[in-house]
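Reviewing the structure listed below.
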Amino acid sequence: MTALGYVHAWEHYKDELQLLDKKLELLYKRRQKLTPDPQTDSFRGMFVSEDEFIRLIGGFGNEEEIDEDEQDVLSMIEQLESAIVSRLAESRKGGAFLPLIYLSSVFGFSTVEERIVMLGLAVELDRKYERIFGFLLDDLTSKTPNISLALQIACPSPEDMRAARTTFSAPDGRLARYVLHPDTLVVSGQTLLSRPLQLDKRIVTFLLDSGELDPKLKPAVEIIYPDDEIPPLLVQEEFQQRLRGFIAEAYEAPAAERKRLAFHLWGNAGAGKKLQVKHLSRSFHKPLLLVDLADVQLHAAVFEDQISIIIREAILHQAILCFTRLEVLYPAEPDLAAQQRLGRFHELLDGYGGMVFLLAGRFNRLSWKPKERLLLEHELAVPDEGGRERLWQTFAQEIGAGSDIDYRVMSGKFRFTPGQIRRALSLARGYSSWQAATAGAGTSGALRSDALYKACYQQVQHKLERKATRIEPRYGFGDVILPPEQKDQLRNACNQVKYRGVVYSDWGFEKKLAYGKGLSMLFAGPPGTGKTMSAQVVAGDLQLELYKVDLSQVISKYIGETEKNLHEIFEEAQLSNAVLFFDETDALFGKRSEVKDSHDKYANIETAYLLQKMEEYQGITVLATNLLNNIDEAFLRRINYVIKFPFPDSEYREKIWQSMFPPAAPLSDDVDFKYLAQRYEIAGGNIKNVVLSSAFLAAESGESIRMQHIIKSIRHELQKSGKILARQEWEDY
C-alpha cells in the first residue's frame, strides 16, 4: 500500500514519538543487562559500588551481544523509520508544511541533529518524558535529557556518538547557534555530556505554534509578507528593474559561481529605500524582515545576542534581511566599543547565507569587507523638479484634497523626497480641516496654502539653530521702499525659484547643469538701506524659512574650523530648503590676497571653499555687504543677482517716513514728512529707530506723536554716529 502523507505537524510528531518510545525501550533493555532490576537498589545513583565500577570500565562489550528481545525492538525501530520516511516523501508531494522538517532544511541539519531537536521537543509534547528522562538520569528533578543521554538515543553506534559530539562542542555550530537554549552550552561547573539539552523557547514556539514573528523582537523588527499590500513605486522605477534583473541573473548562475549579495542604499528620509526593498521581495516571493537599528540595544553583549536572534528569524522565514538606519552604527566620533560592535555585526552578517540590505539616511563608507559576498552601493537621490511635481499631484489626488495650489511651484521650492511630500499633504489636509472647522465653515477638503507651508516646514529636521538665527519674515514687496530697478531684480530672483520646474525639467536645462542650480544674491549698499528687510521679502514671497548666519559661530582662528562650520551650515540648509542670509559678508568673503604667509594661504582656502559650497547648494543664499569693493571678483561672477541698494534720496526718504507709522499710531497734524525727508539725510534703518523712539516719547508724555518728539529722536540717532545738529535745525520744534 502507498503510504499516506502527513496532513499536519501533529500527525508527524505522533509517529516521531512512537519511534522515540521504541528507542527508549531499546536503551532500557541494554542498560538492564548491565544493572538487572535497578528498582531493587534503593541507593541507586547515590554511590558507585564495586560491581558497578567493574561494569562501567567494561565499555560496550556486553551491549554488542544482541539478544532476541533487542532484535525485536530494533526491527520495530527500522519499520517505524521506514514508514516515517515514506510518509514524509508523500507529504512533500502534497505540499504539507511540517515545522521539524522545514527547520532541518533551512538550517541544513544532519539526520542526527534532527533527531536531537525532536528529543528536545518531546518534553514539550508529552510530560511523561520528564519522568522517563529523570529515571534514565537517576535524577527525577531533571526534566530534560542531558547531552550524553541525547547522544545515546539519537546515535545508533559509538562511532556516531563521537562524531555527533562536535554538534555541541562547537559554539558556532548551527544547532548550538540557532536552536539550543544558551544554557546548554554555557553552564559553569559541568562537563559537556552532563549539560541539560533544552531547546530555545523561540524554536519550541515555531515547532508547536506558528511562523509568526518572535514577539521579543518587536518593535525593532517587522516582517512584510509577499502578499501584503504596499504602495506603488512612482519614482526610481528603472533602478528597481535593474536590481531585479541583476539578482535574477545572479540566482541563475552555476552553483560554483554563485555569490551571496548585499546592497547598501542611502538617501534622505522618505526617499523610498524601504519601498524599493519591499517591491523587490515581492517580485521574488520572499518575506522581508525589516530591522530598525535605532531600536536595537547597542550594549555589546545584548547587541550581539539580538542580531543573532534576528538572523535566526530571517533564516526561519527564509526572508530577505534589511537593516534600516545604519548610521546608528557609524557615530561621528566612534570609540573602541563602537568599533568592536560594528566588527561583530559584520562577522554575524558573514555567517548569514541570505540576501542583505543596509539602508541609511546618509552615505557611510562601510568598513565591511564581506566574505564570499558581493556588496553593491546606490544612492536614492531626491527626484528632479518634474518628478516632484508628479508626486505632489499624485498624492494630492490620492487623499482627495482639492486645491488651487500650483504644485510646480511647490516642487521648485521644496526638494522633498516622496515620503516627505506624502506626509506634508496628509498633515496639511488635517490643518486645513481644523482651520475650516474653527472658522465655522465645516470641514472642507480644500487645502489652504498656509496650512500646506506649515506642514512642509514640519517635514524638515535640521540643526541650523546652532550657527544661525531664524528670522520670521514680516515684510512684503509693498513694505520695502526701493527704486523700480531693484524691486524688479528681487521679483526676478523669486521667479527663478517659482519656475525652476519649467526651465530645468520641462525645457531640459537640468541635463546641462551638473551643479549651480541654486539661487545666490548679493545685496550691497550702505547700512540701513533695506538689505535685511529685502531678504525677509524674498523669504516671505517664497514662503520659505529665513536663517541669518551668525559669523561669530562660523569664523575660527583654528585652521580648518571655518570650513567645517560652513560645511555643517550648508549641509543642514540642504535638508531644510531654507534661505541662508549672510550679513556683513565682507568680513568672511573678502578679496583673496597675495600669499605672504600661512595666514594668507588658509584665508584664501576658506574663500575658495565658500565658493564651492555656494555652487553646490541648491537653495537660496543671500549675502549682504556694506562694501561692495571688498568682495572678491570671483564671487561676483558666481552670484546670480548683484543688487545695489542706493542711499535713499528725499523722495524715497519721504515714502519711508510715511510707511513706518502704522495706521493705529496717533500721529499729530504738525508732522511734516516732506520737511523730514528734505532736511535730514538718514537711511531707512535710522528712520525706523527714530520712529520707534518718538513713539515712546509720545507715550511717556501722554500725547500723540508730534514733530518735537521726532526731531528729538533724530538728535539722539545722529549723536550715535557723532553728528550734532545745529540749534537752528531744530529750535522751531
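The values are calculated or read from the model by the stated rules, or taken from the named source; none is laboratory data. Note that the structure is a prediction, hence the values are computed from the model and not measured. Because the Cβ atoms are built from the backbone with ideal geometry, glycine has one as well, and the counts that use them run over all protein chains shown. For the accessible areas, the whole protein counts, side chains as well, though only heavy atoms, and no ligand, DNA or RNA atoms are used. Shrake-Rupley method; radii C 1.70, N 1.55, O 1.52, S 1.80 Å.
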message = Before I look further, what does the chain give for accessible area per residue, probe 1.4 Å, in whole square angstrom?
response = 52 Å²
key: Extension gain, Ala255 back to Gln397 (0.36 nm per residue minus Cα-Cα distance, nm)   = 46.3 nm
ask   = Near Lys688, which aspartates and glutamates are there with a Cα under 15 Å away, not counting those fewer than 8 places off in the same chain?
value = Asp479, Glu654, Glu717
query = Between Gln458 and Ala294, what FRET efficiency comes out of the Förster formula 1/(1 + (r/R0)^6) with R0 = 25 Å and r the beta carbon distance, rounded to 0.05?
reply = 0.80
ask   = When Lys and Arg each count +1 and Asp and Glu each count -1, what net charge do the other residues less than 10 Å away from Ile101, Cβ to Cβ, add up to?
value = 0
query = Percent antiparallel among DSSP beta bridges with both residues in the chain, to the nearest 5?
reply = 20 percent
ask   = For the pair Ser110 and Arg637, how long in nm is the line joining their label points, each one 7 Å along Cα→Cβ?
value = 7.5 nm
message = If R₀ is 35 angstrom, what is the calculated FRET efficiency for the pair Asp138 and Asp67, using the beta carbon separation as r and rounding to 0.05?
response = 0.90
request  = Quick one: grab the alpha carbon gyration tensor of region 216-308, order the square roots of its eigenvalues as a ≥ b ≥ c, and give me rounded if a/c is under 1.5, else prolate or oblate depending on whether a/b is larger than b/c.
outcome  = oblate
remark   = Cα-based Debye curve of region 251-359 sampled at q = 0.12 Å⁻¹ gives log₁₀ I(q)/I(0) of -0.44
remark   = The whole-number value in µm²/s of the Stokes-Einstein translational diffusion coefficient for region 294-448, with Rh from the Kirkwood sum over alpha carbon pairs at 4 °C and 1.567 mPa s, is 68 µm²/s
request  = Sort the following peptides by mean Cβ neighbour count (other Cβ atoms within 10 Å, averaged over residues), highest first: 528-534, 691-697, 143-149, 661-667.
outcome  = 528-534, 143-149, 691-697, 661-667
ask   = Which of (i) 39.5, 138; (ii) 32.5, 135; (iii) 36.7, 110 is the computed Rg and Dmax of the Cα atoms in Å for the structure on display?
value = (i)
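Return the loop-located chymotrypsin sites (Phe, Trp or Tyr not before Pro) in region 484-572 (DSSP other than H, G, I, E, B) with at most 12 other Cβ atoms within 10 Å of their own Cβ; answer none if there are none.
On the way: sites: Tyr499, Tyr504, Trp507, Phe509, Tyr515, Phe523, Tyr547, Tyr558, Phe570; in loops: Tyr499, Trp507, Tyr515, Tyr558.
Of the chymotrypsin sites (Phe, Trp or Tyr not before Pro), the ones in loops of region 484-572 whose Cβ has at most 12 other Cβ atoms within 10 Å are Trp507, Tyr515, Tyr558.
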ask   = Could you work out Rg/(2.2 N^0.38 Å) for region 535-587, with Rg from alpha carbons only?
value = 1.24
remark   = Toy charge model, Lys and Arg Cβ at +1, Asp and Glu Cβ at -1: region 221-292 dipole around Cα centroid in debye, rounded to 20, equals 240 debye
query = All other residues with a Cβ under 12 Å from the Cβ of Ile705 taken together, and with Lys, Arg as +1 and Asp, Glu as -1, what is their net charge?
reply = -2
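Taking loop as defined by DSSP and a crowding limit of 16 other beta carbons within 10 Å, which GluC sites (Glu not before Pro) in region 655-729 fit?
Glu681, Glu703
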request  = Any chance you could list the semi-axes, whole Å, largest first, of the equivalent ellipsoid that the Cα gyration tensor gives for region 112-256, using √(5λ)?
outcome  = 42, 20, 13
remark   = Once Ile399, Ile224 are ranked on solvent-accessible area with the largest value leading and a 1.4 Å probe, the list reads Ile399, Ile224
Computed E for Asp488/Leu513 - FRET, C-beta separation, R0 30 angstrom, nearest 0.05 = 0.75
